[in-house]
Amino acid sequence: MTFTEYGNSTGKPVVYFHGVPGSPIEASLFEGPAREHGLRVLCFDRFSIDPSLRSAAYYQHIARAINEVVQGASVDFVGFSMGSHVALEVRRYMPRQVGSLHLISAVAPLDQGEFLDGMAGKAVFTLAKRHPALFRLLSRWQALLAARVPCVLLRMLFASAAGHDRILVSQPEFKMFITSVLQACFACGITGYVRDVEQFLASWSDGIFDCAVPVHLWHGTDDNWSPMAMSDCLAKSLQPPSSVERGQGLSHYSCLYDAVPKICLRLSSG
């Protein structure tokens, strides 16, 4: 399983679980802070995994791939957006190795609250749940846009941008970054993207919230991709309960940008 590495190649290992849509390019945000704080940040290309692997087999495969690289060493997990769900699932198969989890703009199971109406992706998630075949057609169209006219896909995804994301999406540097993320997301087709969406919408594993390690939640108060209420729900569901670091005025990606250097500082001193 391929992975991308940022920061210090001999540093403390940290595994980053990218968002959906997303790609390992997201983890490039860690390069400077991780190098400064002696961290080795690894991001595995989940969307390149054999599409026949689903549910527990998928998460077990990721856990084995991580172990092949860190060779049994202790690791910390950082999950962004829907990557937070994958991080929680994979942790169950590395119970004695994961020292802590940092979940940014995290998602929660849709059946745990009235979240969907407040989500910018409501139409997409509803389509995926009710009409999977049509969702796959939509995903193929998004992949075509990402390859041919990424600026159009970018405008569509950020048409409802809220909070500081509205400022972020106006900046050329961010546009270049997110364009490369989206193009890499669909580089291997749509199967990986579709799998993560469908598994997020399905029932989450039993015992997923029983964490014997610290879980830190980072969330923007103006997030309309994964509403603040999702992290509040996770904070109460996790055993032991957690708390949420609230970024005033931050939304989805602006929270990611804000949280990365802070997480690196904490991990270096932990």
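The values are calculated or read from the model by the stated rules, or taken from the named source; none is laboratory data. Predicted model, so just to flag it, every value in this text is computed and none were measured. Cβ: placed from backbone, ideal geometry, glycine included. Neighbour counts: every protein chain shown.
Tabulated values for the structure
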{"quantity": "Qualifying residue in region 181-204 (condition: more than 21 Å from His18 (Cα to Cα) and over 17 Å from the mean Cα position of the chain (by Cα))", "calculated": "no"}
{"quantity": "The lone exception for Arg96 - which of (1) in contact with a Ser or Thr (Cβ under 9 Å, 6 or more places away or on another chain); (2) surrounded by fewer than 17 Cβ atoms within 10 Å (Cβ to Cβ); (3) farther than 19 Å from Ala187 by Cβ; (4) touching a residue at least 24 places away in the same chain (Cβ under 8 Å) it fails", "calculated": "(4)"}
{"quantity": "From the options Asp232, Asp223, residue that is among the acidic types (Asp, Glu), buried (at least 16 other Cβ atoms within 10 Å of the Cβ), closer than 25 Å to Phe158 by Cα and more than 15 Å from the chain's Cα centre (by Cα)", "calculated": "Asp232"}
{"quantity": "Subset of region 41-60 [part of a helix (DSSP H, G or I) and free of Cβ contacts under 8 Å to residues at least 12 places away in the same chain]", "calculated": "Ala57"}
{"quantity": "Residue match in region 67-77 (condition: part of a helix (DSSP H, G or I), aliphatic (A, V, I, L, M), buried (at least 18 other Cβ atoms within 10 Å of the Cβ) and modelled with pLDDT of 95 or more)", "calculated": "no"}
{"quantity": "Single unsatisfied condition, Gly113 versus (1) in contact (Cβ under 8 Å) with a residue 40 or more places away in the chain; (2) closer than 30 Å to Ile66 by Cα; (3) among the small types (Gly, Ala, Ser)", "calculated": "(2)"}
{"quantity": "Meets criteria (on the phi > 0 side of the Ramachandran plot and of a type outside the set (A, V, I, L, M, F, W, C)) for Gly207", "calculated": "yes"}
{"quantity": "Residue in region 228-250 that is among the β-branched types (Val, Ile, Thr), assigned to a loop (DSSP other than H, G, I, E, B) and at pLDDT 95 or above present", "calculated": "no"}
{"quantity": "Residue in region 41-64 that is surrounded by the fewest Cβ atoms within 10 Å (Cβ to Cβ), counting only those that are over 19 Å from Thr191 (Cα atoms) and hydrophobic (A, V, I, L, M, F, W, C)", "calculated": "Ala63"}
{"quantity": "Residues of region 158-176 satisfying the condition of being part of a helix (DSSP H, G or I) and either surrounded by fewer than 18 Cβ atoms within 10 Å (Cβ to Cβ) or among the small types (Gly, Ala, Ser) (or both)", "calculated": "Arg166, Ile167, Pro172, Glu173, Lys175, Met176"}
{"quantity": "Residue that is surrounded by the most Cβ atoms within 10 Å (Cβ to Cβ) [pool: residues in region 15-31 that are out of contact with any Gly (no Cβ under 8 Å at 6 or more places or on another chain) and touching a residue at least 60 places away in the same chain (Cβ under 8 Å)]", "calculated": "Val15"}
{"quantity": "Which listed residue is within 20 Å of Cys255 (Cα to Cα) and of a type in the set (Phe, Trp, Tyr), from Phe3, Phe44, Phe30", "calculated": "Phe30"}
{"quantity": "Which numbered condition Met1 misses (of (1) part of a loop (DSSP other than H, G, I, E, B); (2) modelled with pLDDT of 95 or more; (3) under 23 Å from Gln97 (Cα atoms); (4) hydrophobic (A, V, I, L, M, F, W, C))", "calculated": "(2)"}
{"quantity": "Any hit, region 103-110, residues being touching a residue at least 12 places away in the same chain (Cβ under 8 Å), at positive phi and either outside any helix (DSSP H, G or I) or of a type in the set (Ser, Thr, Tyr) (or both)", "calculated": "yes"}
